[in-house]
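K.L.:
Just passing along the structure, written as structure tokens.
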Amino acid sequence: MNRRDMLKITSASALGVLASGDAVTQIVSASVCQYDMFEVSLKGPSDGNPFIDVQLKATFSLEHRTVIVDGFYNSDGSYKIRFMPDALGEWRYTTASNASTLNRQSGGFLCTAPKTGNHGPVSVRHGHHFGYADGTPYFPFGTTCYAWVHQGKPYEEQTLATLRQGPFNKIRMCVFPKSYEYNHNEPELYLFPRTAQAIPSNPMGTNDYSRFNPAFFAHFEQRLEELRELNIEADLILFHPYDRWGYAAMEPDVDERYLRYIVARFSAYRNVWWSLANEFDLMKAKTTQDFDRLLHLVQQCDPYQHLRSIHYSKVMYDYASPAVTHASLQSYDFASAPAWLKLWNKPIVYDEVMYEGDLPRRWGNLSGEEMTRRFWLGVVAGCYVTHGETYLNVGGSENEDDKIWWSNGGKLSGSSPARIGFLRKLLEETTIIGLEASPEQYYLYAVSLVHDHQGRAGISARDHRGDGPADHAWRRAHRPDLLDRRQQTRPRSGHQAGGRGTQGGSESK
């Protein structure tokens, strides 16, 4: 369901309106599909600072079950409450607020069966893996596009067109704009109102941290909806260190108000994940204890318990924390995966294994073959891997104005996405759970690309016996005439034999 289709119920349209402050009752006539969004719109006070002064909640109930949801102030006296129903039936709600015009408003809707393609939110399944709410398996094959929502309409629409044709079903993306190599543009919209632009005597400018910018959120939510229509999970990075506006060093009360507002606005989108920070250990204005506290706050505020994690640069976070649903690693140490899986007993996503590209940087010049190999190593170790691409768009020269997929979006030009797509298809056709790291001494790893006599390329995977089942899978899909039918087997999970690396990168991105 897109924004235009969202169901809006206002106090003015409710039936049986009574005096201000009394209950408003509405006959249930609206309907919304399971795992879609039901939105309540109410008119309330606009004087003072409603972002801080007004509190609003709603209790949604279905038979004997209740769910409490935070509302939020949007603009011009408009307040909203968003709810994602997870069960069929007639839901009712009642509001609670310190503003009399918003207090004790009530209504309801009928939750109907989800439409085709709507499988609900993703959560942890079978210990080390993921699945949709309706039981459909989900294997994350993600990409990284940090600041794509801050590039302006033409480039953002090009990014969506690329994703529509690509193999990726998850995207890592920042809420705040990013200031780093190859990403120096000024965003069109700011999350907080800017009361003063940057000048030499005030290099970060000035933000009004007591308010939010509704235009920013309207734009961001449009992109979330478009990703949802593409069945792409939005792994939202809530903090990061690459900043020239002051967002990386906000005061604790601002951090908390920001997170509460983000969760109130975004949590009813079924395709949202929470990544508390990218490279949290590089954010020197915050301690690990600060991130512990903020991660627990997100856990506390989110009524749907979307997936939660945090990403590091050099100092690994404690992924045994109950507030973390899965590990988000900056590493290509696949040999340690079995030990980590046993230690944490939760899924592992290698969210940063360096990037396919041609940058003169250690972290941005993998070949397409090597990026593909790292995906295979992660998957056969019982984990998942995230892609990133850092090709310069203009002639291979190091131009700071170039747009790069890893940060800006746009178009993909690398060779790994198609091969990663093949691996995703292979996994989805082979298992309904996911692979597990094997305790036996069995090695399966991608070693090279194979070109057939027509020039078509594919990944070759071999085991220690010289002819592996993943090699058979490639042949079965692309060259069945070359397949030795006596050795057709299902791919086995295994412990990889190569791919030695470090726990964290030595350069920040």
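The values are calculated or read from the model by the stated rules, or taken from the named source; none is laboratory data. Just so we're clear, the structure is a prediction, and the values are computed from it rather than from any experiment. Quick reminder, even Gly has a Cβ in these numbers, built from the backbone with ideal geometry, and neighbours come from all protein chains shown. Heads up: the accessible areas ignore ligands, DNA and RNA and are worked out on the full protein's heavy atoms, side chains in. Shrake-Rupley method; radii C 1.70, N 1.55, O 1.52, S 1.80 Å.
K.L.:
Within the range 271-285, is even one residue closer than 17 Å to V69 by Cα and under 20 Å from the mean Cα position of the chain (by Cα)?
P.N.:
Scanning the range 271-285, I find at least one residue that is closer than 17 Å to V69 by Cα and under 20 Å from the mean Cα position of the chain (by Cα), so the answer is yes.
K.L.:
Follow-up question, since we're still on this one. Quick check on my filter: what residues within the range 297-326 are in a helix (DSSP H, G or I) and either farther than 24 Å from M84 by Cα or open to solvent by less than 40 Å² (accessible area, probe 1.4 Å) (or both)?
P.N.:
Answer for the range 297-326, where residues must be in a helix (DSSP H, G or I) and either farther than 24 Å from M84 by Cα or open to solvent by less than 40 Å² (accessible area, probe 1.4 Å) (or both): L297, V298, C301.
K.L.:
Same structure, new question: From (1) more than 29 Å from the chain's Cα centre (by Cα); (2) of a type in the set (K, R); (3) surrounded by 16 or more Cβ atoms within 10 Å (Cβ to Cβ); (4) closer than 22 Å to F212 by Cβ, pick out the condition that doesn't hold for R92.
P.N.:
(4)
K.L.:
Being of a type in the set (A, V, I, L, M, F, W, C), in a strand (DSSP E or B) and more than 22 Å from the chain's Cα centre (by Cα), is that true of even one residue in the range 349-370?
P.N.:
Yes, the range 349-370 contains at least one residue that is of a type in the set (A, V, I, L, M, F, W, C), in a strand (DSSP E or B) and more than 22 Å from the chain's Cα centre (by Cα).
K.L.:
Testing H126 on (1) open to solvent by 60 Å² or more (accessible area, probe 1.4 Å); (2) within 30 Å of Q55 (Cβ to Cβ); (3) not charged (D, E, K, R), one condition comes back false. Which one is that?
P.N.:
If we test H126 against (1) open to solvent by 60 Å² or more (accessible area, probe 1.4 Å); (2) within 30 Å of Q55 (Cβ to Cβ); (3) not charged (D, E, K, R), just (2) comes out false.
K.L.:
Separate question: Would you call A161 touching a strand residue (DSSP E or B) at 6+ places or on another chain (Cβ under 8 Å), among the hydrophobic types (A, V, I, L, M, F, W, C) and surrounded by fewer than 19 Cβ atoms within 10 Å (Cβ to Cβ)? Explain how you work it out, then say what you get.
P.N.:
Details: touching a strand residue (DSSP E or B) at 6+ places or on another chain (Cβ under 8 Å): no; among the hydrophobic types (A, V, I, L, M, F, W, C): yes; surrounded by fewer than 19 Cβ atoms within 10 Å (Cβ to Cβ): yes.
Spelling it out, it is not the case that A161 is touching a strand residue (DSSP E or B) at 6+ places or on another chain (Cβ under 8 Å), among the hydrophobic types (A, V, I, L, M, F, W, C) and surrounded by fewer than 19 Cβ atoms within 10 Å (Cβ to Cβ).
K.L.:
Turning to a different aspect of this structure: Within the range 163-176, take every residue that is out of contact with any Lys or Arg (no Cβ under 9 Å at 6 or more places or on another chain) and part of a loop (DSSP other than H, G, I, E, B) and give me the one that is nearest to F220 (Cα to Cα).
P.N.:
Within the range 163-176, the match that is nearest to F220 (Cα to Cα) is V175.
K.L.:
Has the range 247-267 got any residue that is within 23 Å of Q330 (Cα to Cα), in contact with a Ser or Thr (Cβ under 6 Å, 6 or more places away or on another chain) and not basic (K, R)?
P.N.:
no
K.L.:
Okay, next question. Checking A339 against (1) buried (at least 18 other Cβ atoms within 10 Å of the Cβ); (2) in a helix (DSSP H, G or I); (3) of a type in the set (A, V, I, L, M): exactly one of these is not met. Which one?
P.N.:
With (1) buried (at least 18 other Cβ atoms within 10 Å of the Cβ); (2) in a helix (DSSP H, G or I); (3) of a type in the set (A, V, I, L, M) applied to A339, the lone miss is (1).
K.L.:
If you don't mind, another one. Does the range 395-405 include one or more residues that are modelled with pLDDT of 95 or more, part of a helix (DSSP H, G or I) and within 23 Å of T162 (Cβ to Cβ)?
P.N.:
So far as the range 395-405 goes, yes, one or more of its residues are modelled with pLDDT of 95 or more, part of a helix (DSSP H, G or I) and within 23 Å of T162 (Cβ to Cβ).
K.L.:
How about the range 192-221: which of its residues are open to solvent by less than 60 Å² (accessible area, probe 1.4 Å) and among the basic types (K, R)?
P.N.:
Answer for the range 192-221, where residues must be open to solvent by less than 60 Å² (accessible area, probe 1.4 Å) and among the basic types (K, R): just R194.
K.L.:
Then there is this: Restricting to the range 37-89, what's the tally of residues that are open to solvent by 30 Å² or more (accessible area, probe 1.4 Å) and of a type in the set (S, T, Y)?
P.N.:
Residues flagged as open to solvent by 30 Å² or more (accessible area, probe 1.4 Å) and of a type in the set (S, T, Y) within the range 37-89 amount to 5.
K.L.:
Separate question: Scan the strands (runs of 3 or more DSSP E) fully inside the range 181-295 and keep the ones with 3 or more residues being touching a residue at least 40 places away in the same chain (Cβ under 8 Å).
P.N.:
Here the list reads 233-239, 272-277.
K.L.:
Go through Y332, Y355 for me and flag whichever is open to solvent by less than 20 Å² (accessible area, probe 1.4 Å) and at pLDDT 95 or above.
P.N.:
It is Y355.
K.L.:
Does the range 371-383 hold any residues that are part of a helix (DSSP H, G or I), over 25 Å from I404 (Cβ atoms) and touching a Ser or Thr at 6+ places or on another chain (Cβ under 7 Å), and which are they?
P.N.:
Within the range 371-383, V380 is the sole residue that qualifies.
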